[in-house]
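The following block contains the structure, expressed as structure tokens.
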Amino acid sequence: MTESDFIPKRYTKLIDKGSVSWSSPSNIALVKYWGKKKDQIPENPSISFTLSDCKTITTICFSKKEKQEEFSFEIYLDAEKKDDFKPKIETFFKRVEVYLPFLKTYHFKIETSNTFPHSSGIASSASGMSALACCLMSVEKALNPEISEAFFMQKASFLARLGSGSACRSLEGDLVVWGYHDEIDGSSDLYGTKYPFDVHNNFKNYQDTILLVDKGEKQVSSTIGHNLMHGHPFAKERFKQASKNLSGVIPVFKKGDLDAFIKIVEIEALTLHAMMMTSMPYFILMKPNTLEIINKIWVFREKTNSKVCFTLDAGANVHVLYPENETESVLKFIKNELVAYCQNGHYICDKIGFGAKQL
Ligand code: PMV
């Protein structure tokens, strides 16, 4: 597949108006994407767990308009008009217009809400952009009902990527790879694909409890962070390491080797932040409580032989990952020892999930 395969040849139906709704989850990367080329092409392949309960629900009502020179849309978050979201959507529409030539034909009313609080510090771009991409694909499907389910998902992922890179990994479950890797059949820089190999039962229903250390806005956007990988002194080695770690997870998933899983996941999280700390300008997104939590997890693991581990995305919050059979003991540990480091004691329990759904 190349980019041009996503440009539709013609639409077979004429539709004046309609409405479509999708829900799409967030995802948490195990091998991280950090650094991109032109057109949101990742510098290295990544793999993530699709989440289950942290999701965005989006409805688009579309109606044909007279003038077709400009994009026309309005956007609401929790029923409140959000004009400050418009520039991001406008940029996205411009980027994807060539692949969705109907965008200027309709006026769109976009209504969106998240199952997690907007001010939780949990990035809504992966779930938000993937839900929006699915809605737009449903409009395309209304205009061209012959589109297959497989193509629908592939193109939704392709479009989501152009909104926010990691969003392309939220369409399907439960493990998704994005970025070409020579050992992973079907992997592509253009869209996410379901991890194609065996996954041991140890990873079934894997749990992710998100500890909200800092609910504020990120000080450095991921766009800026990705760009700082251009000319970064360690970039080349980092991209090689990510590919190596992706090769490394293949036998780990197959055998259910949780100790090896922990090593890869934690080195990935720390390397992501090491890249931020060593870019120019340098920055630190972890907070003192992020480090307190990491240390507590290490002590708990040492003491109890638990297989709990942590990962981080581009912020201070900590994702605590653990197998389903440890749910009771790890939640007890979180309540007794980690909640104290969360802002207002807040955390969110989630787990591995199965991707976007039409509503
Ligand atoms: O999707 P973006 O451009 O917001 O990048 C996010 C990248 C990380 O979340 C830090 C890592 C990843 O692979 O999801």
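The values are calculated or read from the model by the stated rules, or taken from the named source; none is laboratory data. Keep in mind the model is a prediction, meaning the values are calculated, not measured. Quick reminder, even Gly has a Cβ in these numbers, built from the backbone with ideal geometry, and neighbours come from all protein chains shown. Ligands, DNA and RNA are excluded from the accessible area calculation, which covers all protein heavy atoms including side chains. Shrake-Rupley method; radii C 1.70, N 1.55, O 1.52, S 1.80 Å.
Is there a residue in the stretch 185-193 that is assigned to a loop (DSSP other than H, G, I, E, B) and away from the ligand (no atom under 16 Å from the Cβ)?
Taking the stretch 185-193 and keeping what is assigned to a loop (DSSP other than H, G, I, E, B), we get 185-191.
In the following step, the residues that additionally are away from the ligand (no atom under 16 Å from the Cβ) were identified as 185-186.
Checked the stretch 185-193: at least one residue is assigned to a loop (DSSP other than H, G, I, E, B) and away from the ligand (no atom under 16 Å from the Cβ).
Which count do you get for residues in the stretch 324-342 that are open to solvent by 70 Å² or more (accessible area, probe 1.4 Å) and polar (S, T, N, Q)?
Here is the first cut: in the stretch 324-342, the residues open to solvent by 70 Å² or more (accessible area, probe 1.4 Å) are 324-325, 328, 332, 335-336, 340.
Then keep just the ones that are polar (S, T, N, Q); that gives 325, 336.
Summing the residues that are open to solvent by 70 Å² or more (accessible area, probe 1.4 Å) and polar (S, T, N, Q) in the stretch 324-342 gives 2.
Further, regarding this structure: Restricting to the stretch 211-227, give me the number of residues that are buried (at least 19 other Cβ atoms within 10 Å of the Cβ), of a type in the set (A, V, I, L, M) and either assigned to a helix (DSSP H, G or I) or touching a Gly at 6+ places or on another chain (Cβ under 9 Å) (or both).
Result for the stretch 211-227: 2.
May I ask you to list pairs of residues, at least six apart or on different chains, whose Cβ atoms are under 6 Å apart, with the first in the stretch 209-229 being under 21 Å from Y33 (Cα atoms) and the second being basic (K, R)?
Qualifying pairs under 6 Å: H226/K36.
Only residues in the stretch 269-285 that are small (G, A, S) count as the first member; pair them with residues that are not in a loop (DSSP other than H, G, I, E, B), Cβ under 8 angstrom, at least 6 apart or cross-chain, and list the lot.
A269/F310; A269/T311; A269/L312; S279/G225
Please go through the stretch 220-233 and pick out each residue that is within 16 Å of the ligand (Cβ to nearest atom) and more than 19 Å from the chain's Cα centre (by Cα).
Filtering the stretch 220-233 down to residues within 16 Å of the ligand (Cβ to nearest atom) leaves 220-230, 232.
Selection gives L228, M229, H230, H232.
Also: Would you tally the residues in the stretch 9-18 being open to solvent by 80 Å² or more (accessible area, probe 1.4 Å) and touching a strand residue (DSSP E or B) at 6+ places or on another chain (Cβ under 7 Å)? Give the derivation first.
Keep residues of the stretch 9-18 that are open to solvent by 80 Å² or more (accessible area, probe 1.4 Å), which gives 9-10, 13-14, 16-17.
When the remaining residues are screened for being touching a strand residue (DSSP E or B) at 6+ places or on another chain (Cβ under 7 Å), the result is 16-17.
Final tally of qualifying residues: 2.
Right, something else. In the set L321, L291, which member is open to solvent by less than 10 Å² (accessible area, probe 1.4 Å) and modelled with pLDDT of 95 or more?
Numbers: L291 fails: open to solvent by less than 10 Å² (accessible area, probe 1.4 Å).
Criteria check complete, one pass: L321.
Would you confirm whether or not the stretch 285-308 contains a residue that is in a helix (DSSP H, G or I) and touching a Pro at 6+ places or on another chain (Cβ under 7 Å)? Please lay out each step first, then the result.
The initial filter retains those residues of the stretch 285-308 that are in a helix (DSSP H, G or I), namely 288-304.
Then keep just the ones that are touching a Pro at 6+ places or on another chain (Cβ under 7 Å); that gives none.
Looking through the stretch 285-308, none of the residues is in a helix (DSSP H, G or I) and touching a Pro at 6+ places or on another chain (Cβ under 7 Å).
Is one or more of the residues making up the stretch 48-57 aromatic (F, W, Y), over 20 Å from A142 (Cβ atoms) and buried (at least 21 other Cβ atoms within 10 Å of the Cβ)? Don't jump to the end; show me each part of the working.
Initial filter on the stretch 48-57 (aromatic (F, W, Y)): 49.
This time we only want the ones that are over 20 Å from A142 (Cβ atoms), so: 49.
The next check asks that each one be buried (at least 21 other Cβ atoms within 10 Å of the Cβ); those that pass are 49.
Within the stretch 48-57, one or more residues are aromatic (F, W, Y), over 20 Å from A142 (Cβ atoms) and buried (at least 21 other Cβ atoms within 10 Å of the Cβ).
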